[in-house]
1. With the Cα gyration tensor of chain B giving a ≥ b ≥ c as the square roots of its eigenvalues, does the rule (a/c under 1.5 for rounded; else a/b larger than b/c for prolate; else oblate) give rounded, prolate or oblate?
2. Once R0 is set to 56 Å, what does the formula 1/(1 + (r/R0)^6) return for the Cβ-Cβ distance between A:Ala80 and B:Thr215, expressed as a FRET efficiency to the nearest 0.05?
3. Suppose accessible area is computed on protein heavy atoms with a 1.4 Å probe; arrange A:His86, A:His112 from highest to lowest.
4. B:Arg69 versus B:Ala33, label points 7 Å from Cα toward the beta carbon: distance in nm?
5. Compute the separation of the alpha-carbon centres of the range B:21-41 and the range B:157-218 and state it in Å as a whole number.
6. Run the simple label-point estimate for A:Asp65 and A:Cys124 please: 7 Å along Cα→C-beta, distance reported in nm.
7. Sort B:Val96, A:Val29 by accessible area with a 1.4 Å probe, largest first.
8. Roughly how tilted is helix A:50-59, in degrees to the nearest 10 and between 0 and 90, from the longest Cα axis of chain A?
Amino acid sequence: MRLLTHNVLRCAIKGVEEGYPLSIEASEVQMEESPFRPDFVKHIAPTLNWPALRQAVKQVGLPEDMLPEAVSDALLGDEAFLRALHRVLMDVHVVAGALVCPESGRRFPIAHGIPDMMIAEGECPRDDK
Amino acid sequence: MALPSLEHFSYKDYDTFYEPSDDTYLLLDALDADRRFLADTVQPSVCLEIGPGSGAITTALATLLAEERGFSLMLAVDINASAATATAATAAANSVTLPVEVVQGDLANALERGLSGRVDVLVFNPPYVPTPPEEVGTQDIAAAWAGGRRGREVIDRVLPQAAALLSNKGVFYLVVVQENRPQEIMSVMKGLGLSGQTACTRRAKNELLSILKFTKAPP
Ligand SMILES: C[S@@+](CC[C@H](N)C(=O)[O-])C[C@H]1O[C@@H](n2cnc3c(N)ncnc32)[C@H](O)[C@@H]1O
């Protein structure tokens, strides 16, 4: 699971309002360099939840100051920034561990890089009806 | 379009996830027929396949986009753990250069809010076979086909999600059979603001398969 994916995942169980951002408890993280795609990063940057991404950076054990506190239009023209963001979004792989819902404490295991977001039948919001 | 290499699987593996079949091939052909549209007009940066099974479609679409010098996040979510693992394995075995991200989950439940209005290409070859309703909702190989009443139980849950996920230029490809009442699906989607057309149709054994293609209706 890349941090780009983490940025869009949430806990969708019954009774949870936001279920976001999920905390990362990483037991195995791999860094794998990939070709820099500035256009992709520029396009994706404005759609990101920035506080969630900064929290994720910290939780996978990367330096907190790897990303600035906020994104600005000026930064999107800054190659050093785009490279750092590319690295964070694309090159960090959480291979094993868990995602934990900040509201309910519900844990979603990650194994072989695949988060298991399945919820039990009794946890489904539509069971309320 | 050619099927990606699946030589990393043995026939035994197909006891645990769906082996590509006529429905898979028809969807591949529909995507390939839309190659120019996908590469030049849609130019996706986020693609999502629901129910990737073996991962054949996700890998084929990633390969198509890479051939056209595109670059997109390729997300894939399957309810079946074996299918999720298989999808990652197929991408790796075919040296896919685009980032393929696999999640185990029920439709887009865990992704719908985070990806709202951001999915440029959405693909689903759903469990479409009419079955008794109690056969729907397993996490094993039966999830590949068991569609419940008229084969519509899983399809009907995905339609509102698709409408929420699609970006303004987004496109949604959905495999259906005649028993699913394609015209009715199109009218449900129309109510959700999406216009549909039949991209292609093929008779295979006892099934009349079609690919429905939806885009955001112009306002
Ligand atoms: C007909 S198979 C298609 C597999 C593959 N895409 C292909 O075309 O060969 C349907 C797939 O959808 C998955 N599926 C069924 N219900 C699902 C759900 N609620 N959420 C996610 N995936 C689901 C099944 O596990 C299976 O992999």
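1. Values: a/c = 1.36, a/b = 1.01, b/c = 1.34.
Because its axes are fairly even, with a/c under 1.5, chain B counts as rounded.
2. Numbers: r = 38 Å, r/R0 = 0.69.
Rounded to the nearest 0.05, the efficiency is 0.90.
3. Details: A:His86 10, A:His112 160 Å².
Per-residue accessible area, sorted high to low, gives A:His112, A:His86.
4. Going by the 7 Å Cα→Cβ label model, 2.8 nm.
5. Centre-to-centre (Cα) distance: 14 Å.
6. 5.0
7. Details: B:Val96 35, A:Val29 55 Å².
Descending order: A:Val29, B:Val96.
8. Result, in degrees: 90.
The values are calculated or read from the model by the stated rules, or taken from the named source; none is laboratory data. Everything numeric in this text was worked out from a predicted model, so none of it was measured. All Cβ positions, glycine included, derive from the backbone under ideal geometry; neighbour counts span all protein chains shown. Each accessible area value is taken on the protein alone, full model and side chains, heavy atoms only, with ligands, DNA and RNA left out. Shrake-Rupley method; radii C 1.70, N 1.55, O 1.52, S 1.80 Å.
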